[in-house]
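Novice: Handing you a structure now.
Every read-out reported here was derived from the displayed coordinates using simple, explicitly stated rules and does not represent laboratory data. Since this is a predicted model, take the numbers as computed values, not measurements. Counting neighbours? That spans all protein chains shown, and the Cβs are built from the backbone with ideal geometry, glycine included.
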């Protein structure tokens, strides 16, 4: 794949490598609790979650559900539950939101199948392929714990007024661009901040982190930060890549030929 520019990626352009990972699940669980329930729609409707892999440990289930909640917190506000039957055995409906999540790599689909859950009603079914993708990534998260724990703080800062009023001399701490010196980043700081300020940023999924050969090192840790841009009366979803560089996250602009 030829990546011409790692800058703002609209939803359909988010064709990233899928070395998938698990991140700060404990933090997410402390905010949401540990029951296997997600929330969708404008009114935050509760929906149970069930796993095809019945051997999956409870701890892993809770961590996956926590990440699903992160994805649905804003993106899921337009979701609807359609109980109109399914075209696969056991499927009785769908969570209508679209399977290409701005939080996920393009080749991983967000779960949508709704199944019967006995006396509890209906539930969102998590296929084994997806739960395997999450659980197989725990070692990657443990090896990069510092970077993972810093991602939420980075998103919080770039959403804050403090980022919008950042002195130009400080911008190199938050931006890395190929073939661009620190002095050049400082000189173009106002234009760069103006470009970045039009988006609202959201915490990434644990599946949004990956290793890549693209960047200043032979192996670079990247993450796609989901974001929205206002377009008339609706929001366009996309993402900005960030790179873990010199012990901090930076927006990442890189041209590969």
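Novice: Of 197, 69, how do they rank once you tally other Cβ atoms within 10 Å and put the fewest first?
Specialist: In order of increasing Cβ crowding within 10 Å: 197, 69.
Novice: Full-extension gain between residue 191 and residue 57, please, as 0.36 nm times their residue separation minus the C-alpha to C-alpha distance.
Specialist: Extra length from residue 191 to residue 57 when fully extended: 43.4 nm.
Novice: Using the count of nearby Cβ atoms within 10 Å as a rough guide to exposure, how do 181, 255 rank from fewest to most?
Specialist: Taking fewest neighbouring Cβ atoms as first place, the list is 181, 255.
Novice: Rounded if a/c is under 1.5, else prolate if a/b is larger than b/c, else oblate: which is segment 136-187, with a ≥ b ≥ c the root eigenvalues of its Cα gyration tensor?
Specialist: oblate
Novice: Using the per-residue mean of other Cβ atoms lying within 10 Å as a proxy for protection, in what order, highest first, do the peptides 209-217, 101-109 fall? Don't skip to the answer; put the middle values down first.
Specialist: Values: 209-217: 17.4, 101-109: 20.4.
Highest to lowest by the protection proxy: 101-109, 209-217.
Novice: Could I ask something else about it? Quick check: the distance between the Cα centres of segment 50-96 and segment 220-234, to the nearest angstrom?
Specialist: 23
Novice: Roughly speaking, what is the stretch gain from residue 132 to residue 219, that is 0.36 nm per residue apart minus the C-alpha to C-alpha distance, in nm to one decimal?
Specialist: 28.9 nm
Novice: Can you tell me the order of 45-52, 110-117, 77-84 when each peptide is scored by its average per-residue count of other Cβ atoms within 10 angstrom, highest first?
Specialist: Those peptides, ordered most packed to least, come out 110-117, 45-52, 77-84.
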